[in-house]
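The values are calculated or read from the model by the stated rules, or taken from the named source; none is laboratory data. None of these values were measured; they are calculated from a predicted model. In this analysis, Cβ positions are derived from the backbone assuming ideal geometry, glycine residues included, and neighbour counts consider all displayed protein chains. To get the accessible areas, we keep the full protein, side chains included, count just its heavy atoms, and leave off ligands, DNA and RNA. Shrake-Rupley method; radii C 1.70, N 1.55, O 1.52, S 1.80 Å.
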Amino acid sequence: MEERLLAAVPPLLAWYRVCKRELPWRGETDFYRILVSEIMLQQTRVEAVKGYYTRFLEKFPTASTLAAASEEETLKAWEGLGYYSRARNLRRAAQVIAERGVPASYEEVRALPGVGDYTAGSLSSIALGLPCPAVDGNVLRVLSRLLADPDNTDDSATKKKFAAMLKRAYPPETADFCQALMELGALVCVPGGAPLCGGCPWETLCLAHLEGREENFPVRSEKRARKIVSLHVYVLRCGGKYALRRRGEGLLAGMWEFPNSEREQSFGQEAEQKRATHVFTHVEWRMTGHLVDVRARSPEYVWATTEEIRKNYAVPSAFKAFAEWLK
Ligand code: SF4
């Protein structure tokens, strides 16, 4: 297996130099700016990240500027990108960098808030030039196919096994190699039954392809079933202002939301109703939205105009369908 992996490195690097996508963070060498891209790319598609990345760095161009920002400002700049604990952790990581300087080792990178094994590997390879593998689902898939992995699973033990093999195969071009593996998984060795083997630099090397068994790798482990939660969401309107409240701990912690509860409540005269669904990783919200005109502004909530909400309050996209009532 190891010889096949070693033989796969040069054609992969040659392919990457010609075929890589032009992305806003490509060729970036500044640690903080690479950190922003890597954190944004966790669980989020490249296309969705592009615009956010540029806007976020216009607002917070250095670790010191983000370190000095409030959590509220950070969440506002992250609004709509989802998984908001990433934004809070990124701000805390910026504070560590502003105070102690850029990390110099894998261990120091791994110790930053919000940085797990995968992100520590990619940051070390891309920003620090260290041979530190980063194995996510994409990289696991391409290696599983290249090697027709006899264990054929996508669990964390397989990730560790591939990381150890990659460490021994790392070329001096650490940044290109790390990104080339990800790029191959994103563009050519795509998930499902139809990888684009005709355009793959490993067409003559890949064992799964040579055996005509590409779609058999990797066998996916059972995923945990999503919990369904039914919610009533109330957009309370009073004299041109709308009620908001802040979420506590847990999912979307610290974000602003329209009042909501699992049980239906009566607030006043209902002007409109609509349904919407929002899917998180482990939970699905099935929401019934109620636009309600109320007579008095309850002190239980913050009351804000549409413009104030747009400028100052980070409302997650889970509530987007109902935010349209504010226009
Ligand atoms: S030859 Fe096909 S299956 Fe093998 S790595 Fe390339 S795209 Fe994936």
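Can you report the number of residues in region 105-149 which are at negative phi and within 16 Å of the ligand (Cβ to nearest atom)?
Number of matching residues: 14.
Across region 180-215, what is the total count of residues that are open to solvent by 20 Å² or more (accessible area, probe 1.4 Å) and closer than 19 Å to residue 10 by Cβ?
Residues that pass the stated criteria total 12.
Pick out the one residue from 194, 243 that is of a type in the set (Gly, Ala, Ser) and more than 16 Å from the ligand (Cβ to nearest atom).
Just one listed residue meets the conditions, 243.
A quick yes/no check of all residues on (1) modelled with pLDDT of 95 or more; (2) farther than 29 Å from residue 219 by Cα:
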| position | (1), (2) |
| --- | --- |
| 104 | yes, yes |
| 108 | yes, yes |
| 126 | yes, yes |
| 136 | no, no |
| 165 | yes, no |
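Report yes if residue 158 is of a type in the set (Ser, Thr, Tyr), open to solvent by less than 30 Å² (accessible area, probe 1.4 Å), assigned by TED's automatic domain parsing to the domain that holds residue 17 and more than 9 Å from the ligand (Cβ to nearest atom), otherwise no.
Yes, satisfied.
When only residues in region 182-191 that are more than 8 Å from the ligand (Cβ to nearest atom) and assigned to a helix (DSSP H, G or I) count, which is nearest to residue 141 (Cα to Cα)?
Checked region 182-191; the qualifying residue nearest to residue 141 (Cα to Cα) is 185.
For region 19-50, give me each residue that is small (Gly, Ala, Ser) and open to solvent by 30 Å² or more (accessible area, probe 1.4 Å).
Selection gives 27, 48.
How many residues are closer than 25 Å to residue 156 by Cα and either more than 10 Å from the ligand (Cβ to nearest atom) or part of a helix (DSSP H, G or I) (or both) if we restrict to region 197-220?
Looking only at that region, the number is 9.
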